[in-house]
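One structure is given below, encoded as structure tokens.
The values are calculated or read from the model by the stated rules, or taken from the named source; none is laboratory data. As the structure is a computational prediction, the values presented were derived from the model and not from experiment. Heads up, the Cβs are rebuilt from the backbone with ideal geometry, glycines too, and the neighbour counts pull from every protein chain shown.
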Amino acid sequence: MASTSATRRRPSPASEAWALMHELFHASRRRFLAVASEFDLSPPQVRALGVLDPDRPVPMSELADALHCDNSNVTGIVDRLEDRGLVERRSATHDRRVKMLAVTERGAEVRERLAERLEQAPSPLARLSPEDQRALRDIMRRALEQS
């Protein structure tokens, strides 16, 4: 009987690249959790704060859509952000039943500091030569333009 590895198809270069990106993201999760902990925030709170625009209040349902979760899950996330003074709920002018989320001044500051920390390239990317970093950036841009 032939070995399954001998009959197994070789993955395409695109599949290999995707698997490597997945591995890099998975390895970076520990770093993401450490940054979230520095700010005493949970990962969903970090994501919510990153999605919210300090210049544009949004309905809670829009945040739920952006986070790909149920409205009831957003309520708990927003409760904790509100308790910390990072966001506030406001009634919508068009419908008082709709709760709008607004990033507070303090929330905007924390959001900015979080973004600075999270935008720092993980060490495997930072250790690449400047030429490799530019090549990777350009390839990723082209891939995103195709979507």
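Annotations for the structure displayed:
- In the stretch 1-22, residue surrounded by the most Cβ atoms within 10 Å (Cβ to Cβ) [restricted to those that are of a type outside the set (Ser, Thr, Tyr) and at pLDDT below 90]: PRO11
- GLU82 fulfils the conditions (1) under 24 Å from GLU109 (Cα atoms); (2) out of contact with any Asp or Glu (no Cβ under 9 Å at 6 or more places or on another chain) except for a single criterion, (2).
- Evaluated against (1) at pLDDT 95 or above; (2) in contact with a helix residue (DSSP H, G or I) (Cβ under 8 Å, 6 or more places away or on another chain); (3) over 26 Å from ALA17 (Cβ atoms), GLN133 falls short on exactly one condition, (3).
- Matching option when the condition is among the acidic types (Asp, Glu), more than 16 Å from the chain's Cα centre (by Cα) and surrounded by 11 or more Cβ atoms within 10 Å (Cβ to Cβ), among ASP95, ASP132: ASP132
Each row is one residue, and each column tells you yes or no for (1) closer than 24 Å to LEU33 by Cβ; (2) of a type in the set (Lys, Arg).
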{"position": "ASP70", "(1), (2)": "yes, no"}
{"position": "GLY76", "(1), (2)": "yes, no"}
{"position": "GLU82", "(1), (2)": "yes, no"}
{"position": "LYS99", "(1), (2)": "no, yes"}
{"position": "ALA102", "(1), (2)": "no, no"}
{"position": "ALA115", "(1), (2)": "yes, no"}
{"position": "GLN120", "(1), (2)": "yes, no"}
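- For the stretch 27-81, a residue qualifies if it is at pLDDT below 95, under 12 Å from the mean Cα position of the chain (by Cα) and basic (Lys, Arg), and exactly one does: ARG29.
- Subset of the stretch 7-43 (residues that are more than 21 Å from ASP83 (Cβ to Cβ), touching a residue at least 24 places away in the same chain (Cβ under 8 Å) and polar (S, T, N, Q)): SER28
- If the condition is being of a type in the set (Lys, Arg), touching a strand residue (DSSP E or B) at 6+ places or on another chain (Cβ under 8 Å) and modelled with pLDDT of 95 or more, then the stretch 90-119 contributes only ARG111.
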